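Below is one structure; the comments refer to it alone.
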């Protein structure tokens, strides 16, 4: 497959390299009607201000600098066009969009490739040339059933009693099991230690056995940091396992969202193996299935404060090495990554707040994540994963329509993940709607698994832009509906209300209610709260 697509590439590839002492300036003029995808999941991320940021078009003004940032996202040095072009670099670049021009700045070569005439042709050519699929898929549980995460309910109070109550509530309320169950941050004594807090986890092995018996695969949160002046810190400092400061004399004490810590040097094979040994030890001792690899953000690594890292002094290199470790463990999750396209890594969109703008951002962000070469993606957590926006919200004051619509978007994606407990905040009627959506996802499980397995060989994404499947029909900037594989056109509600417009490609289409439509037109359809509009082509 890889050789086939390489053969499709044109002979003339434009490669622009910078002088070794000065950044390159490469300007790409956007063509009339051209749209571009790629680079990162969602530029607005924590503060949702541009929910419809994708695709990039000539009307947009935007600056992204991947040389020091990964924006709390899954990112790649790659852009792909509706006109069959793509841009690739092996290293980070700065991207500026302004008045129909794309300015790319880097100290490294950048390729602009004419790979065909359509988005699909360009994407598949780039995949074959630069991020070929691994042939490996994540474990079925990630895709076949909903996932559950304890973050929003427990935040920094992860404890055995409440974890078990959450898991038991999943079963009691009729939600699917045979699923991944993630225990989030602060289960451990401190960072760099891999034993459970004894006051919160009196019997971690017993807890694990019960969760397994209930049908869950259990993962635990971790980070690449070690608490300063802990026993582990003193041991690892003597062995030289930390990233050093700019002078190269002492461990760099890095500031991240949970305070100040030393950073494990993932470019040191001995330091990497030390961490692997700790994680394998947890698996053997407690039966842990896998890990959520968090906090690998490039912004936590500053070349101004830390000496050259693995021969390259930029943050995404740290992110890339940290994320590469995740693939040693089939049960993994990444929220910030660099150059992981084509790999069997489970991606999750960055934490979004509890808002309608965040719900509206899910579909365009998921489409763009797919066009980055990320096949196995989860659209954050249902209702949002940014815990501050959930604090001090009385259950009776939650916008139940928002939670339901967010759940429905997840249900027709490659993965869905609950965190805020729907049984705590929803009425019985709305809880039933979410349960129905969760079961729909499980019903779609065999289809989604087949798409994932095919994509692991072909590189084809699961979530596809309309223009990817139907080029030349005016769908370049369609950001609120998508193709789930080649069978389902999905048009979920992303705003309050019970009506939306759906644009159907040429042909004859049938919705999930049995209604028949002539394609090549737009329709305003009714979407009551219990409906997730889906269309198939005859």
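Miscellaneous remarks
- Condition check for residue 95: under 30 Å from residue 472 (Cα atoms), crowded, with 21+ Cβ neighbours inside 10 Å, out of contact with any helix residue (DSSP H, G or I) (no Cβ under 7 Å at 6 or more places or on another chain) and touching a residue at least 24 places away in the same chain (Cβ under 8 Å): yes
- Residues of region 61-79 satisfying the condition of being part of a loop (DSSP other than H, G, I, E, B) and closer than 23 Å to residue 378 by Cβ: 66, 69, 70, 71, 72, 73
- Test result for residue 125, modelled with pLDDT of 95 or more, touching a helix residue (DSSP H, G or I) at 6+ places or on another chain (Cβ under 8 Å), assigned to a helix (DSSP H, G or I) and in the same structural domain as residue 411 (by TED's automatic domain parsing): no
- Verdict on residue 102 being under 30 Å from residue 253 (Cα atoms), part of a strand (DSSP E or B) and modelled with pLDDT of 95 or more: no
- Positions within region 125-140 being surrounded by 20 or more Cβ atoms within 10 Å (Cβ to Cβ) and more than 16 Å from the chain's Cα centre (by Cα), in sequence order: 125, 126, 127, 128, 130, 131, 133
- Extreme residue, nearest to residue 351 (Cα to Cα), among residues of region 177-192 that are within 27 Å of the chain's Cα centre (by Cα) and surrounded by fewer than 20 Cβ atoms within 10 Å (Cβ to Cβ): 186
- So residue 428, is it surrounded by fewer than 18 Cβ atoms within 10 Å (Cβ to Cβ), touching a helix residue (DSSP H, G or I) at 6+ places or on another chain (Cβ under 9 Å) and either at pLDDT 95 or above or more than 30 Å from residue 121 (Cβ to Cβ) (or both): no
- Residue in region 498-505 that is part of a loop (DSSP other than H, G, I, E, B) and touching a helix residue (DSSP H, G or I) at 6+ places or on another chain (Cβ under 9 Å) present: yes
- Of the residues making up region 449-469, those that are buried (at least 20 other Cβ atoms within 10 Å of the Cβ) and farther than 17 Å from residue 133 by Cα are 465, 466, 467, 468.
- Being part of a helix (DSSP H, G or I), under 23 Å from residue 454 (Cα atoms) and modelled with pLDDT of 95 or more is true of residue 443.
- Candidates 118, 155 - the one that is out of contact with any strand residue (DSSP E or B) (no Cβ under 9 Å at 6 or more places or on another chain), touching a residue at least 60 places away in the same chain (Cβ under 8 Å) and not assigned by TED's automatic domain parsing to the domain that holds residue 282: 118
- Residues considered: 498, 508, 536. Of these, the only one that is in contact (Cβ under 8 Å) with a residue 40 or more places away in the chain and either under 27 Å from residue 140 (Cα atoms) or in contact with a strand residue (DSSP E or B) (Cβ under 9 Å, 6 or more places away or on another chain) (or both) is 536.
- Single residue of region 199-230 satisfying the filter (touching a residue at least 60 places away in the same chain (Cβ under 8 Å) and part of a helix (DSSP H, G or I)) that is surrounded by the most Cβ atoms within 10 Å (Cβ to Cβ): 204
- Check on residue 199, under 21 Å from residue 289 (Cβ atoms) and assigned by TED's automatic domain parsing to the domain that holds residue 279: no
- Taken over region 249-275, the residue count meeting the criterion of being in a helix (DSSP H, G or I) and surrounded by 13 or more Cβ atoms within 10 Å (Cβ to Cβ) is 4.
The values are calculated or read from the model by the stated rules, or taken from the named source; none is laboratory data. Predicted model, so just to flag it, every value in this text is computed and none were measured. Using ideal geometry, Cβ is built from the backbone for each residue, glycine included, and neighbour counts are taken over all protein chains shown.
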